[in-house]
1. Along region 303-320, what does the Karplus equation 6.51 cos²θ - 1.76 cosθ + 1.60 (θ = phi - 60°) give for ³J(HN,Hα), rounded to whole Hz, x for Gly and Pro?
2. Rounded, prolate or oblate: which one fits the chain, using the alpha carbon gyration tensor with axes a ≥ b ≥ c (rounded when a/c is under 1.5, else prolate when a/b beats b/c, else oblate)?
3. So who's got an amide H within less than 5 Å of the one on Ala481, skipping anything under 5 residues away but keeping other chains? H placed 1.01 Å off N, in plane.
4. Quick check: pseudo-label points 7 Å beyond the Cα along Cα→Cβ at Ala451 and Val533, how many nm apart are they?
5. Could you derive backbone 3J(HN,Hα) for region 354-369 from the dihedral phi with the Karplus parameters 6.51, -1.76 and 1.60 (θ = phi - 60°), listing whole Hz in sequence and x where the residue is Gly or Pro?
6. Once the Cβ-Cβ distance between Tyr234 and Ser412 is put in as r, and R0 is 35 Å, what FRET efficiency do you end up with, to the nearest 0.05?
7. Tell me the GluC sites (Glu not before Pro) within region 467-528 that lie in a loop according to DSSP and have at most 15 other beta-carbon atoms within 10 Å.
8. For an R0 of 51 angstrom, estimate the FRET efficiency from the Cβ-Cβ distance between Tyr173 and Ser82 and round to the nearest 0.05.
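What follows draws every value from the coordinates through simple rules; no lab data is involved. Values in this document were obtained by computation on a predicted structure and should not be read as measured data. Note that each Cβ is placed from the backbone with ideal geometry, even for glycine, and that neighbours are counted across all protein chains shown.
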Amino acid sequence: MPRATNWNAAVTQQLAERLYVSADYLRRRGTDELIYTNTADPDAAPSLLPVPAGTSAGIYQLTSLRRDDFDSIRLSVRQTFSGQYEWMAAYTHSRAVSNALLDPSSPEPLQILSSLRPMPWDAPNRVLAFTYLPLPWKNWNVAALANLRSGFPYSVRDETGLVAGGVSGVNAYRYPLNFDLNLAIERMITLRGYRFALRGGVNNLTNQLNATAVGNVEGAPNFGQFLGREGRHYVVRLRFLGFTRTTAVKTHRTASAAAQPVEAPPESEKGTPAASIYGNTGLWKVLNADTLAPHQLVASAWYDRINRNPGALVISTAGVGAAYGVTSLLEFGFSFEGNREVTTGRADQLSLGQQALGYFGTKSPGAKPFGYELMPGSSIVPQLRSPATPYGALTGAAGYYNLYPFAGFVSSGSALGDAIFGLKIRLLSESKGAPVSLAVRPYFDLPIEKAISFQLTHPVGTADLQGGADALVSRQIGELAEVSLNAGFRYISQPVHVSVFQLAKDVPLGFGVVVPRKARIQFVAESTADIFVGAHTPNTTFGAEDPVDLTLGVRADFARMSFSAGYRRPLNQFGGDKNGFVASVGFLRRKGIF
């Protein structure tokens, strides 16, 4: 008889008034589940085609051989305030596997596999966040939902229908990262004593592909291409909220506002906070754990220059950023990279650089590589030659930098960079008696240009979304200094539409210190590192793969303005220009913009 065992455990902790953090675990095991199996050929190779198109017989018998496993861990933080307003952010890591996944002939019979493989809806990683917040104008609200998850799995088959790789190849591939950002503005309306909410919004604001189909037949013209674009679309909604008197509405709003607890302003309000390169408040690339006071606004204009290998790359970026205090515990950050220029000093160290030099194909500059010269699994990236000559041996590795993988095909290219959205959530504060200030910051980077053809001549990014979360810790050392420590994880989505690179994930680390903590002139030091982890296209780096930078500088504070500048030096990069710089001009408005 079919059996199912379920275990679940949950713990919730209140961190502050109406602010809760939760951890949930769910385990499910399904055994002896009923399934029709092909008793005539139980060891047949896994196939995606119906049995009539195959070579094996089809005699099905009802058995209890199916097994399904599911595990998930969910971490979430949630806050409500002023009655109807709230925000929530959650991360879920899960595993859904089964031994009955392939449909050989009809909706009922399934092919039993010798091992558990991912289910079609398996998504190991998912980040979900939503918010419903008031706008500065009376009766206006904003609602947003962000859903970021791993792509669903799929199988690759040959022209006969057999799954490539046998049982281990079943659902061994995945769709690109799926991301939805929905944003809506809502207006409360009172008409003859009846309350309505009129909402207009945009779903899939970033116009992410979010494919629903893939060419999975080896050798087919559309093999590896993802299809079924979701597209950006618009939504209008009218809600009926019930009957109320206008005076009652006004009284309710007044009472709600009066009932809100008055909190001591966060520490950031007592100094002069500044928007970082990433938008949220902090130093240059290291963020502190404090949040802005409600309705406080800071903005900045900045310039940043770094150096990376292989390729002796010089990356210069100019942009603007801003941070806004939504509540005393919540800060929204935004940064826009108005121009990014990537210059290549050593094209011979890069796969696309060697192609530009004429090392592949017909040996003319820019000639397309022959098939055997390409990296396995890539449609455009050639293997690096060593020595770096047109007839050097193919090394089996590529030359690229993980965050700017298209560099090298042109000597220099510039374009708009990314738009970065972040939400800093303060969990602990020294101003409330905690030993340290602690915050988390989920974020995502939206590339302005995602076309592969554009990136080849303007190599300013990875051609797809990036997103992740950082843990932020700050500690004050009296009036002497403030120390900040950042650690996080960044998911780097693979370029879509064609097989190009498999990019590593990133573990960004940062350490910063300001001396003295409160003064018009401060000395600033920060060290940042990018630790690349996970499976990726083999890479010949000509230097440390995980760059570490040290930046030393000074910051000057004025009444509502600040200026900072620093000199940056890579600590473990070899070759090329090692001189980096950063400069920022910041502006503060303590009462917001309204």
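1. 9, 9, 9, 10, 10, 9, 10, x, x, 6, 6, 10, 10, 10, 9, 10, x, 10
2. It is oblate, given that a/c is not under 1.5 and a/b is not larger than b/c.
3. It is Arg517, by chain and number.
4. Reported label-point gap for Ala451 and Val533 is 3.7 nm.
5. 5, 5, 4, 7, x, 8, 9, x, 7, 6, 8, x, x, 4, 5, x
6. Plugging the Cβ-Cβ distance into 1/(1 + (r/R0)^6) gives 0.35.
7. Numbers: sites: Glu479, Glu482, Glu526; in loops: Glu479.
Sites meeting the loop and neighbour criteria: Glu479.
8. Once the sixth-power term is evaluated, E becomes 0.65.
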